[in-house]
Amino acid sequence: MSEVKMETLVSLCKRRGIIFPGSDLYNGLQGTFDYGPIGVELKNNVKKAWWRSVVYERDDIEGLDAAILMHQRIWLASGHVEGFTDPLVDCKVCKKRFRADHVEEKDFHKFRVLIQKEGDDWEDTGKTLYAESKKSAKAQLTSGVFAIPQEKHIRVEPVEGDVFHGKRCPECGGELTEPRQFNLMFKTFIGPVEDEAALVYLRPETAQGIFVNFTNIMDTMRRKIPFGIAQIGKSFRNEITPRNFIFRTREFEQMEIEFFCKPGTDEEWYEYWVNERFNWYLRFGIRKENLRTRSHEKQELAHYARACKDVEYNFPIGWSELEGIANRTDFDLKQHQKFSGKDLTYFDEETRTRYIPYVIEPSGGVDRAMLAFLTDAYREEIVRDRPRVYLALHPFLAPVKAAVFPLLTNRPELVAIAKKLTADLKKEFYTVYDDTAAIGKLYRRQDEIGTPFCMTVDVETLSDQAVTIRERDTMEQERIALDKVASRLHEKFKL
Ligand code: ATP
């Protein structure tokens, strides 16, 4: 588990305008988050870093931005109407809902519940409960699940030898219902009549938009296999238990590539992409010890996948999926050929044969990537007896690239120089001017959002035409000529 606590990140994100709870003014809407002025920059930079690596730096991938609303038959063809489900269980006692595969099997001990009336002996209530320990049994009593008045003295007593191994409610130990399959797709309607024919789904993955554009892109861009299509966009899943901040939400963004290759070369491409995607996170600053890959067991595989490997990150909630790389075979294109009646085969000029390409899919979440980058970058240290928090983000990802402060706000000449420097730098990268607090506080603000460089204009600037530049991680300061600042920063931001 990461040393950084989730609460620490949540509070930093709220305090510094990175991420707010969705619909905050109305006390929130579960499973949604809003990205604030700093968060939207970080998010855009994560997407830019990905697009740059997979589209601009390569010559075998094209970009796409397909519609979120798609023909309902697409989801019949893809198998999502039938199979995109999670097993849902309800607690019979506290009525809370869980994803059955997220509830751990554990040993639960049976406890009887005893009450003591004023001055009387202990009396068995006839009620029992299951809990992992006496402490959690007591907690259940006070959680309000048991209708035992608070003024009574209550205690629990283990029933010797009665241990249940299995799944019970993680919140109250109550018995769970049998799992029911719950489809995760959000539904809505096109046009004024809300009937079956008008039904559309909000896409639960961006992938299908790519599959249905396979021939459009191949033909217009004159592509030959192997080649890929990349897309970034919103996806929606009616998650049973959205939780863990932006790790699992109901509305999120995905960065997906469908890489089309010749059957038989798929395993090689699969390994290639696992490697590529793993290294992408390292390139943008994730520390190697916090990243690993994990192959899916057979029973874990999605309905379309032959093999799948997750890139996992050591999140504050422990090791969890950051991105999945799946071998989707020819499943999707075959299905769309069948459901659309259109030919989706590829003519291989070399072998003079037709085939449906195989597909390797690296599928990552923008929000999860952000959470990983934030977790990995979070640093706390003591400087001159005071705590300092900073985000050691890769400069490419940093929301604000540079900040400029005048040391004295009552000197208009200094303010003017600082504003002019800000305006000049703004032409090249996102730069902010700030004079709303003492210098120490201004540094702290920028450290906490990961701004790599801060420049201070002081009285000496008037004579030496130079400013002090301070580097975020080392806090080292250097004097640099005003007309050299832009080129110096350029050098630092080079990828
Ligand atoms: P899980 O089993 O955890 O529900 P999944 O394996 O179904 O997830 P994929 O379908 O492989 O997830 O989705 C690809 C990527 O999209 C994930 O690796 C993750 O980064 C992102 N993602 C999926 N669901 C969510 C969500 N609810 N919130 C945020 N990101 C998500």
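Regarding residue 348, is this residue touching a Ser or Thr at 6+ places or on another chain (Cβ under 8 Å), assigned by TED's automatic domain parsing to the domain that holds residue 70 and not basic (Lys, Arg)? No. In the range 274-293, how many are surrounded by fewer than 17 Cβ atoms within 10 Å (Cβ to Cβ) and aliphatic (A, V, I, L, M)? Qualifying residue count, the range 274-293: 1. The set of residues in the range 33-46 that are surrounded by fewer than 17 Cβ atoms within 10 Å (Cβ to Cβ) and within 20 Å of residue 285 (Cβ to Cβ) comprises 40, 44. Number of residues in the range 237-254 that are in contact (Cβ under 8 Å) with a residue 60 or more places away in the chain, in a loop (DSSP other than H, G, I, E, B) and within 8 Å of the ligand (Cβ to nearest atom): the value is 4.
Filtering the range 12-33 for residues that are in a helix (DSSP H, G or I) and touching a Phe, Trp or Tyr at 6+ places or on another chain (Cβ under 7 Å) leaves a non-empty set.
Within the set 463, 487, the sole residue that is without any contact (Cβ under 8 Å) to a residue 12 or more places away in the chain, over 21 Å from residue 395 (Cα atoms) and out of contact with any Leu (no Cβ under 6 Å at 6 or more places or on another chain) turns out to be 463. Restricting the search to the range 444-461, which residues are more than 19 Å from residue 39 (Cβ to Cβ) and within 28 Å of the chain's Cα centre (by Cα)? Residue satisfying the conditions is 453 alone. Exactly one residue among 398, 418 is at pLDDT 95 or above, in a helix (DSSP H, G or I) and crowded, with 22+ Cβ neighbours inside 10 Å, and that residue is 418. For the residues 257, 232, the requirement of being more than 10 Å from the ligand (Cβ to nearest atom), crowded, with 22+ Cβ neighbours inside 10 Å, assigned to a strand (DSSP E or B) and modelled with pLDDT of 95 or more singles out 257. For the range 262-273, the set of residues classified as crowded, with 21+ Cβ neighbours inside 10 Å and either touching a helix residue (DSSP H, G or I) at 6+ places or on another chain (Cβ under 8 Å) or among the charged types (D, E, K, R) (or both) consists of 266 only. Considering each residue of the range 395-406 in turn, none proves to be within 15 Å of the ligand (Cβ to nearest atom) and within 30 Å of residue 470 (Cβ to Cβ).
When the test is whether a residue is modelled with pLDDT under 85 and under 30 Å from residue 83 (Cβ atoms), residue 171 passes it.
For residue 85, are the conditions met, namely being polar (S, T, N, Q) and modelled with pLDDT under 95? Taking the combined requirement at face value, the residue satisfies it.
Close Cβ contacts (under 7 Å, 6 or more residues apart or on different chains) running from residues in the range 364-382 that are within 14 Å of the ligand (Cβ to nearest atom) to residues that are among the hydroxyl-bearing types (Ser, Thr, Tyr) and assigned to a strand (DSSP E or B) comprise 372/313. Within this structure, residue 359 fails the test of being in contact with a helix residue (DSSP H, G or I) (Cβ under 7 Å, 6 or more places away or on another chain) and within 19 Å of residue 19 (Cα to Cα). Being within 13 Å of the ligand (Cβ to nearest atom) and either assigned to a strand (DSSP E or B) or modelled with pLDDT of 95 or more (or both) is a condition met by no residue of the range 215-226.
Residues are listed down the side, and each one gets a yes or a no for (1) crowded, with 19+ Cβ neighbours inside 10 Å; (2) among the acidic types (Asp, Glu); (3) closer than 29 Å to residue 282 by Cα:
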{"site": "11", "(1), (2), (3)": "no, no, yes"}
{"site": "17", "(1), (2), (3)": "no, no, yes"}
{"site": "27", "(1), (2), (3)": "no, no, no"}
{"site": "30", "(1), (2), (3)": "no, no, no"}
{"site": "61", "(1), (2), (3)": "yes, no, yes"}
{"site": "84", "(1), (2), (3)": "yes, no, no"}
{"site": "105", "(1), (2), (3)": "no, yes, no"}
{"site": "111", "(1), (2), (3)": "yes, no, no"}
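Take the conditions β-branched (Val, Ile, Thr) and either under 28 Å from residue 329 (Cα atoms) or more than 15 Å from the ligand (Cβ to nearest atom) (or both) and apply them to residue 93. Does it pass? It is true that residue 93 is β-branched (Val, Ile, Thr) and either under 28 Å from residue 329 (Cα atoms) or more than 15 Å from the ligand (Cβ to nearest atom) (or both). Residues that are among the aromatic types (Phe, Trp, Tyr) and closer than 22 Å to residue 186 by Cβ do not occur anywhere in the range 56-73. For the residues 277, 294, the requirement of being without any contact (Cβ under 8 Å) to a residue 60 or more places away in the chain, within 14 Å of the ligand (Cβ to nearest atom) and either assigned by TED's automatic domain parsing to the domain that holds residue 23 or closer than 14 Å to residue 360 by Cα (or both) singles out 294. Examine the range 35-48 for a residue that is over 22 Å from the mean Cα position of the chain (by Cα) and either part of a helix (DSSP H, G or I) or over 30 Å from residue 261 (Cβ atoms) (or both), and state whether such a residue exists. No: the range 35-48 contains no residue that is over 22 Å from the mean Cα position of the chain (by Cα) and either part of a helix (DSSP H, G or I) or over 30 Å from residue 261 (Cβ atoms) (or both). In the range 349-395, what residues are on the phi < 0 side of the Ramachandran plot, assigned to a loop (DSSP other than H, G, I, E, B) and surrounded by fewer than 15 Cβ atoms within 10 Å (Cβ to Cβ)? Listed by number, the residues that qualify are 349, 350, 351.
The values are calculated or read from the model by the stated rules, or taken from the named source; none is laboratory data. Here the structure is a predicted model, which means the values were calculated and not measured. Positions of Cβ are backbone-derived with ideal geometry, glycine not excepted, and every protein chain shown enters the neighbour counts.
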